[in-house]
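Asks: Let me give you the structure first, and then I'll get to my questions.
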Amino acid sequence: MDNINREYIDSYINGLIKEDDEKLNKFREYCEERNLPIIHKEVGQFIKLVIKLLNAKNIIEIGTNVGYSAIFMSKAMNDEGRVVTFERSEKFYREALKNIMDFGLEDKIRVCFGDAVDKLDEIEGCFDLAFIDAAKSYYRVFFDKCLKMMKPGGIILSDNVLYQGMIATDDLVVRRKKTLVRNLRDYLKYISHDERFVTSVLPLGDGLAVTLIK
Ligand SMILES: C[S@@+](CC[C@H](N)C(=O)[O-])C[C@H]1O[C@@H](n2cnc3c(N)ncnc32)[C@H](O)[C@@H]1O
């Protein structure tokens, strides 16, 4: 229960998603059994839609974990598609490399080891899509660093922005999450009010912000 949607709505929507890639399904199951924080199914489906709409060729991701979303996005792109993704945990970084090799995607996905707050400055590129899915208190930093590398008309997706409902109501906020909640609320105001962007916040998964760069 993530306090965003009713469970029956989530399961109904998820039941509509066609999953014909057996290997990817098995990988998702494996990640879920280990309680790894991978993208919700319905968020994945939305990302796939955005990839197709943009005909995305270059994606930047903050927060690789074991590589599920990077692999998922890579498979949703056409053959020229490339993903650059950042992971600061050495354990997850190594696991992601192994999983990406296992899917034969090592030429399409580049995993950068280290804190994206610093590592993003070392990247050059021009991206159609950015997917931010890492330390919530740094979303503004990640966003601004990605922004410099986005194509006009590109999209930045920020995951978990409603954070178990806590962002929308103080009634759900737990004391140790107060700073995170404040940071995410400020972040959502920034991406929603700045004239350079058009943002829509969707109650999908744990909350997904979709920002078009004008
Ligand atoms: C929610 S998980 C990412 C899940 C992944 N996107 C997926 O759906 O398969 C967040 C990951 O971001 C990493 N992370 C958090 N803050 C980071 C940072 N500042 N730089 C790089 N990685 C970070 C964490 O170690 C964690 O593995």
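Asks: Give E87, E106 a once-over and let me know the one that is under 15 Å from the mean Cα position of the chain (by Cα) and at pLDDT 95 or above. Steps first, please.
Replies: Values: E106 fails: under 15 Å from the mean Cα position of the chain (by Cα).
Exactly one of E87, E106 is under 15 Å from the mean Cα position of the chain (by Cα) and at pLDDT 95 or above, namely E87.
Asks: Which condition does K75 not pass, out of (1) within 11 Å of the ligand (Cβ to nearest atom); (2) within 19 Å of I51 (Cβ to Cβ); (3) part of a helix (DSSP H, G or I), if it passes all the others?
Replies: K75 satisfies every listed condition except (1).
Asks: Something else: Among the residues of the range 135-157, are any closer than 23 Å to M73 by Cβ, open to solvent by less than 30 Å² (accessible area, probe 1.4 Å), at pLDDT 95 or above and of a type in the set (D, E)?
Replies: Looking for residues that are closer than 23 Å to M73 by Cβ, open to solvent by less than 30 Å² (accessible area, probe 1.4 Å), at pLDDT 95 or above and of a type in the set (D, E), one finds none in the range 135-157, hence no.
Asks: While we're here: Only one residue in N14, N58, N78 is free of Cβ contacts under 8 Å to residues at least 24 places away in the same chain and not aromatic (F, W, Y), so which one is that?
Replies: On inspection, the qualifying residue turns out to be N78.
Asks: Which ones in the range 1-40 are within 21 Å of A130 (Cβ to Cβ) and either of a type in the set (D, E, K, R) or open to solvent by less than 40 Å² (accessible area, probe 1.4 Å) (or both)?
Replies: Filtering the range 1-40 for residues within 21 Å of A130 (Cβ to Cβ) gives 37-40.
Correct list: I38, I39.
Asks: In the range 115-134, what count of residues is obtained for those that are within 17 Å of the chain's Cα centre (by Cα) and farther than 18 Å from A76 by Cβ?
Replies: 5
Asks: For the range 98-134: of the residues being farther than 24 Å from K145 by Cα and surrounded by 14 or more Cβ atoms within 10 Å (Cβ to Cβ), which is nearest to the ligand (Cβ to nearest atom)? First the steps, then the outcome.
Replies: Start the filter on the range 98-134 by keeping residues that are farther than 24 Å from K145 by Cα, which leaves 98-107.
Going one step further and asking which of them are surrounded by 14 or more Cβ atoms within 10 Å (Cβ to Cβ), we end up with 99-100, 103, 105.
On the way: N99: 10, I100: 12, F103: 13, L105: 14 Å.
Result: N99.
The values are calculated or read from the model by the stated rules, or taken from the named source; none is laboratory data. None of the values given here were measured: they were computed from a predicted structure. Methodologically, a virtual Cβ is constructed for each residue, glycine included, from the backbone with ideal geometry; neighbour enumeration extends over all protein chains shown. Just so you know, the surface numbers come from the protein's heavy atoms only, side chains and all, with ligands and any DNA or RNA stripped out. Shrake-Rupley method; radii C 1.70, N 1.55, O 1.52, S 1.80 Å.
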